[in-house]
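Student: Once you've had a glance at the structure underneath, I'll fire off some questions.
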Amino acid sequence: MTSLVSSYGYLGIFIAAFAETIFPPIPSELIFPLAGFVGFKSNFTYFETFLMAASGAAGATIGAIVIYLISFKIGRPAIIKIGKYVFVSEKKIEAAEKWFEKYGIYAVFLGRMAPGVRELISVPAGIARMPLPKFAIFTFFGSLVWSVILVFAGYFLGNSWDSLSEILSEYFPILSVILLLSIGIVVFSYVHYSKRRNRIKN
């Protein structure tokens, strides 16, 4: 993965993000900051670094669509049987399903930023037959927020990334939960405000 991102830049992170989405054991928490670090070493501008993040988001979206289409086509029982061959247990799939049931269409956007859920949220979306265009849009923008944060973390840490990456990996789940809760509060507040405003108008 290091060689892929370092050697092929935008295409490399696209392929790496696609692979990370298709094969969950590959951690995005390492791929995206690595891309930012490569950008730092290559003297990329902020815009070029953002394009790295956008390339990763695009790769993750294509990978998520592949999983969505497979889930849409073959259904839950077959997905559970296949899952054990790629280190995805039924318990993890059930966690993603509960997430989808709780947050509805927003589960796709928020799920792309939740460790342990982001790689699997495509499964319940496909099984529930969520409209593909809506799924793709929510997936891309959720992936973009996630990749921008991680890529720029690697970029701004610069030469310190090598020494800090192992330490950060221990605390990243906590930081991710804090970020996710913050975004969730904003989304919930917006939806609640919109419903309240519509009731007042009616």
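Student: With a 10 Å radius around each residue's Cβ, average the other Cβ atoms per peptide and rank 122-129, 67-74, highest first.
Tutor: Descending packing order for the listed peptides: 122-129, 67-74.
Student: Here is a further query. Would you mind computing, in nm to one decimal, how far apart the modelled labels at residue 74 and residue 129 are, each placed 7 Å from Cα along Cα→Cβ?
Tutor: That separation, rounded to one decimal, is 2.0 nm.
Student: Any idea how far apart residue 101 and residue 47 come out in nm if each label point goes 7 Å out from Cα toward Cβ?
Tutor: 4.8 nm
Values in this text are rule-based calculations from the coordinates and carry no lab data. Every value quoted in this text rests on a predicted model; they were computed, and no experiment measured them. With ideal geometry, Cβ positions are generated from the backbone for all residues, glycine too; neighbour counts draw on all protein chains shown.
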